[in-house]
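A.B. asks: Questions regarding the structure given below will be posed in turn.
The values are calculated or read from the model by the stated rules, or taken from the named source; none is laboratory data. Not measured: the values here are computed from a predicted model. Every residue, glycine among them, receives a Cβ derived from its backbone with ideal geometry; neighbour counts consider all protein chains shown. Just the protein is used for accessible areas: all its heavy atoms, side chains included, with ligands, DNA and RNA removed. Shrake-Rupley method; radii C 1.70, N 1.55, O 1.52, S 1.80 Å.
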Amino acid sequence: MLILFRKLRLMPKVLMYRMRGLSARDYGGLWESYWGSVQGTGSSGEVLWDTEDEQEIRSAYARFAPSMDHTVPILDLGCGNGRISRFLAERFERVVGIDVSPSAIDFARAGAPGNASFRVANAIDPADARALHAEFGDMNIFMRGVLHVVQNADRAPFLRNLRLLLGQRGALYMIETDGRVLDYMLERPDDSPTGLPRPMHKVISHGILPHGFNDRDSARWFPRSEWNVLQSGETEIHTIQLPDGSYGRLPAYFMLARPRPQASC
């Protein structure tokens, strides 16, 4: 009952931030608004998912590493401030991080290792995808918390671009929060205008509204006739310390897959 009450209280505030903000499909504007407001990153920072604890990424790496050719570049799609890119750069010959926010890329470039490069790019834009593939060829893709904020109208071109970037040699590993995240966060103590912990409130207040992603969405957006799913299941996305002193363990879904060869016309 308490969670229902807090949801009812939350919805008008979420709508207010949405009406005050940009279009849900203006990814560059929304994420630049967010990252441009960030004053600090890491454990003592403001970015909900920017944990310095490597437990989550080490577990993920153990899943996908055997299925990826490490001589093929790996693309950290939606790299944010580049924390995971730096982890990947210790294990792959070449890492490329992309994000739609120039401010995020500025964070990522600070202290980047020599085998990692970062650039502003939009994975929904076919021109950006073609340019990346022309420069780097087939790539592995790591994607954490991206697809669940892509609007339905943009998912088809987004997935076409994934196929282009992966080509014949790349493998995709993705991890996305699922539909239980809101309930999970509403169970945490209320310390913001939306009734959410402040690191998540910060995301919502910039007009970024997650949709969640689960096994049903996977079957819909990655039909098994077109994608060879090597592994999938439930997992967690770890967060920085929340205002109540706890560390978030957001319910999430992971998938490791390769595109199946498409029949030529």
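A.B. asks: At what distance in nm do the modelled label points of Asp215 and Asp138 sit from each other, each positioned 7 Å from its Cα along Cα→Cβ?
C.D. replies: Between Asp215 and Asp138, the label points sit 3.0 nm apart.
A.B. asks: Please label the shape of the chain as rounded, prolate or oblate, based on the square roots a ≥ b ≥ c of the eigenvalues of the alpha-carbon gyration tensor (a/c under 1.5 means rounded; beyond that, a/b larger than b/c means prolate, else oblate).
C.D. replies: The shape class here is prolate.
A.B. asks: Another one. Under the 0.36 nm per residue contour assumption, what length would be gained going from the current alpha-carbon distance of Asp183 and Leu164 to full extension?
C.D. replies: So the extension gain works out to 3.2 nm.
A.B. asks: If you roll a 1.4 Å probe over segment 85-188 with all protein chains in place, what percent of the accessible area is carbon or sulfur?
C.D. replies: The C+S portion of the solvent-accessible surface of segment 85-188 is 48 percent.
A.B. asks: Find the accessible area per residue for segment 13-131; the probe is 1.4 Å, ligands and nucleic acids are left out, and the unit is Å².
C.D. replies: 44
A.B. asks: Normalised by the residues of segment 98-189, what does the relative contact order come to in percent, with Cα pairs under 8 Å and at least six apart?
C.D. replies: 28
A.B. asks: Please give the FRET efficiency for Asp191 paired with Asp26, using the beta carbon to beta carbon distance and R0 = 30 Å, rounded to the nearest 0.05.
C.D. replies: The calculated FRET efficiency here is 0.55.
A.B. asks: Checking the a/c ratio against 1.5 first, then a/b against b/c, what shape does the Cα gyration tensor give for segment 142-182? Please list the in-between numbers first.
C.D. replies: Numbers: a/c = 4.04, a/b = 1.55, b/c = 2.60.
Since a/c reaches 1.5 but b/c is at least a/b, the shape of segment 142-182 is classed as oblate.
A.B. asks: Rounded to the nearest 0.05, what FRET efficiency do Asp106 and Ser67 have when you use their Cβ-Cβ distance and R0 = 45 Å?
C.D. replies: E(calc), rounded to 0.05, equals 0.90.
A.B. asks: So, with +1 on the Cβ of K and R and -1 on the Cβ of D and E, and no other charges, what is the size of the charge dipole of the chain about its Cα centre, to the nearest 20 debye? Spell out each step's value before the answer.
C.D. replies: Values: 31 positive and 31 negative charges, 127 e Å.
Value, rounded to 20: 600 debye.
A.B. asks: So, one more: So how much slack lies between Glu226 and Asp125, counting 0.36 nm per residue of separation and subtracting their Cα-Cα distance, in nm?
C.D. replies: Taking 0.36 nm per residue and subtracting the Cα distance, the gain is 34.2 nm.
A.B. asks: To the nearest 20 debye, what is the magnitude of the charge dipole of segment 145-223 about its Cα centre, counting +1 on the Cβ of each Lys and Arg and -1 on the Cβ of each Asp and Glu?
C.D. replies: 440
A.B. asks: If packing is taken as the mean number of other Cβ atoms within 10 Å per residue, what is the order of 206-214, 112-120, 169-177, highest first?
C.D. replies: 169-177, 206-214, 112-120
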